[in-house]
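Structure first, commentary second.
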Amino acid sequence: MDNVEIEKLKNTVKLLMQDKKGILAADESNATCGKRFASLGIPDTEEERRRWREILLCAPGAQDFVSGVILFDETIRQSDSNGKKFTDVLKEKNILVGIKVDEGLQDFIDHTGETLTHGLNGLPARMQEYKSLGATFAKWRAAFNISDRTPSDDAIRENGEILARYAVICQEHDIVPMVEPEVLLDGNHSIDEAKEVTKKVLKGLFEAIEKHHVHLEGLILKTSMVLSGKDAENRADAKAVGDATVEVLKECVPANVGGVVFLSGGQTPDEATANFNAIAQHEPLPWPLAFSFSRALQNDALLAWGGKISNIELAREAFLKRLESNSQADQGLL
Ligand code: 13P
């Protein structure tokens, strides 16, 4: 990569990692979106998904708290009710367009309970198309389950290798790669177990990333917070989550990585905000931090909307309120 290309990536990172703002993950696959709709009796149709994304992407004022949005393939091609492309709506608000490019999890053969993320085949051509549709950053998620046997060294190494190869393809297309190795919340593990697993996963990932010469300043890590399992007794509080998460990041993430953002991973919206606030209270850190939640940003608004046109304003109010509290958390102010 030449200097001009590197500067392009760094500029995208800088815009995404602006202070007081975060990145909305609105890249649920149709199947995941359908499940969330079904729980509220909302029909699982393309038009209903488009309406829901319009509520979020066209919410007046969201640009004060949102620097970028990660879209799903269907949404990057859709338009608002006036026929204006969502990508143009976002551009006018100075919100960067991101795209989920992985094709989901598949069983890892001979590794029961583990998965590898698929989608490298044909990725350069897809990346070229997404770039022409306006994307400046992309996301790829790998998932790691904590149990007595998992994650295995093989799963950490293979997923790390795949994430690194994806990151190289992104950067070759001037697209900032967001690498997302999610350590799942499921289970009854302690926060200390989550800490050890997250360290192993991140070390494996950055080994692969360095081996493939990914440009670190043009890369964003999207990580899970270090949490006790969903079913653990005496779950760790926000202070413990903040301390453990920052300890892991300092030990495993090279200082010149462009930014670190957090997924919510099934925490309640209030938990995710409080835990993110506790992490941000440790700043200054080597990297800028931001929130990049899906469920923890959308859940209040989705409930308020419930599929009814008459509730759109309420849904947007709930969305803005949640964005504002995460913007406060980004400054460690809560
Ligand atoms: P959650 O915040 O709901 O975990 O989603 C973030 C995300 O991008 C999942 O890939």
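Mean silhouette area of the chain, derived from the convex hull of its C-alpha atoms and averaged over all directions, reads 15.9 nm². Using a Cα-Cα cut-off of under 18 Å, which aspartates and glutamates could be cross-linked to residue 131, ignoring same-chain neighbours fewer than 8 residues away? Output for residue 131: 5, 7, 27, 73, 74, 88, 92, 102, 103, 172, 174. For the residue pairs 35/91; 20/222; 21/308; 20/139, alpha carbon separations beyond 19 Å are given by 35/91; 21/308; 20/139. Whose amide H sits under 5 Å from the amide H of residue 66, counting only residues 5 or more places off or on another chain, with H placed in the peptide plane? Sorted by chain and number, the residues that satisfy this are 22. Between amide H atoms placed 1.01 Å from N, distances below 5 Å from residue 225 occur with 263, all of them 5 or more places distant or on a separate chain. The distance separating the Cα centre of the stretch 24-62 from that of the stretch 252-318 comes to 17 Å. Across the stretch 78-87, coupling constants 3J(HN,Hα) worked out from phi with the 6.51/-1.76/1.60 Karplus curve, θ = phi - 60°, read 9, 10, 6, 5, 8, x, 8, 4, 4, 5 Hz, and Gly and Pro carry x. Applying the criteria of a DSSP loop state and at most 14 other Cβ atoms within 10 Å to the trypsin sites (Lys or Arg not before Pro) of the stretch 23-88 yields 77, 84. Note that the chain presents 42 Å² accessible area per residue, ligands and nucleic acids not counted, probe 1.4 Å. In order along the stretch 122-129, the Karplus-derived 3J(HN,Hα) couplings, from 6.51 cos²θ - 1.76 cosθ + 1.60 at θ = phi - 60°, round to x, 4, x, 5, 5, 4, 4, 5 Hz, and Gly and Pro are given as x.
For the stretch 137-281, the fraction of 1.4 Å probe accessible surface lying on carbon and sulfur atoms is 44 percent. Among beta bridges identified by DSSP and lying wholly in the stretch 86-177, the antiparallel ones come to about 35 percent. Each DSSP beta bridge with both residues in the chain is either parallel or antiparallel, and the antiparallel ones are about 10%.
222 nm [θ] for the chain, helices only, -39500 (n - 2.57) per DSSP H run of 4+, per residue, to 500? Calculated mean residue ellipticity at 222 nm is -14500 deg cm²/dmol. Amide H contacts of residue 119 (H built 1.01 Å from N, in plane; Pro and chain starts excluded): 103 sit under 5 Å, all sequence-distant by 5 or more or on other chains. Backbone phi angles across the stretch 294-307, fed through the Karplus curve with coefficients 6.51, -1.76 and 1.60 (θ = phi - 60°), yield HN-Hα couplings of 9, 4, 6, 9, 9, 4, 4, 5, 5, 4, 5, 6, x, x Hz in residue order; Gly and Pro are listed as x. Taken about its Cα centre, the stretch 29-161 carries a charge dipole of about 660 debye when Lys and Arg each add +1 at the Cβ and Asp and Glu each add -1 at the Cβ.
The values are calculated or read from the model by the stated rules, or taken from the named source; none is laboratory data. Since the model is a prediction, treat every value here as computed from it, not as a measurement. Positions of Cβ are backbone-derived with ideal geometry, glycine not excepted, and every protein chain shown enters the neighbour counts. Remember, those area values only see protein heavy atoms, side chains included, never the ligands or the DNA or RNA. Shrake-Rupley method; radii C 1.70, N 1.55, O 1.52, S 1.80 Å.
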